[in-house]
Amino acid sequence: MAKRPKRLTLLSIGAGIAILTLILGIFLGPSLTVRGVPISIILTFLQDEPARQAYWSGDKQALHARLQELKIEEEIKAFYRPQIPDEIQLDQHIHQIFYDTTGYVGKAYWVNSQDILTLRDRQFEKWYPLAHKAGVVTNSLFENGTHYVIGPDGTIAPYQEIAKLFPIPVLQQLIEVQSTEVLPRGKAS
């Protein structure tokens, strides 16, 4: 029996792998993911020069902007929506995938010590500037997923405790009162 040339054997194996990959892609393609990203989206990304350049250069902001333009976030959400119907959990899951694959952290999230994205307290972002302007707090810090505020006397407390004492309507009233107060003038001699 004659031996097949090594090159022909390698070509046959390569062709077989290519055909098997194509068949698997056809049948599993819609549900196949790599690191949580559907194959169809990876192919869209690979075909887009600006997205590839932003990814390989490490420009997270440009990459995120380009992925938004390509509507990739919406596509991934559509892919996962049947499994994760809650929109807040779905958004967090998608952003976790973005963080794991690109390092990008959206403004609504922070990364905890286990590298898991956690939703920021959006109410704090509304409350703090008002509390600062009203003079209720002088500074803030964020540790272990909790916002702390520093009072004028240096006292540090979780912002939620202080926000109960000074809700946004009260802060707005304090600011209004402060802006209408007229400081007494010294007497002329």
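Here is how the numbers come out for the structure above:
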item	result
GNM result for the chain, Cα springs below 10 Å: residue of GLN172, GLN114, GLN160 fluctuating most strongly	GLN114
Neighbour count of at most 16 Cβ within 10 Å plus DSSP loop: longest trypsin sites (Lys or Arg not before Pro)-free window in the chain	121-184
The chain: relative contact order as a whole-number percent, Cα under 8 Å and 6+ apart	10 percent
For the chain, fraction of C-alpha pairs farther apart than 23 Å, in %	65 percent
Residues in region 49-85 reached by a label modelled at LEU119 [backbone nitrogen below 17 Å; 7 Å Cα→Cβ]	77, 81, 84-85
Estimated translational D of region 122-179 in µm²/s (Stokes, Kirkwood radius over Cα pairs; 4 °C; 1.567 mPa s)	115 µm²/s
Summed residue charge, Cβ within 14 Å of ALA62's Cβ, Lys/Arg positive, Asp/Glu negative	-1
Label-point separation in nm, GLN160 to GLN173, each point 7 Å along Cα→Cβ	2.5 nm
Residue of ILE76, ILE116, ILE88 that the Gaussian network model of the chain assigns the largest fluctuation, springs spanning Cα pairs under 10 Å	ILE88
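Readers should treat all values here as calculations from the given coordinates under stated rules, not as data from a laboratory. Quantities reported herein were computed from a predicted structural model and do not represent experimental measurements. When we count neighbours, we look across all protein chains shown, and the Cβ atoms used for this are built from the backbone with ideal geometry, even at glycine.
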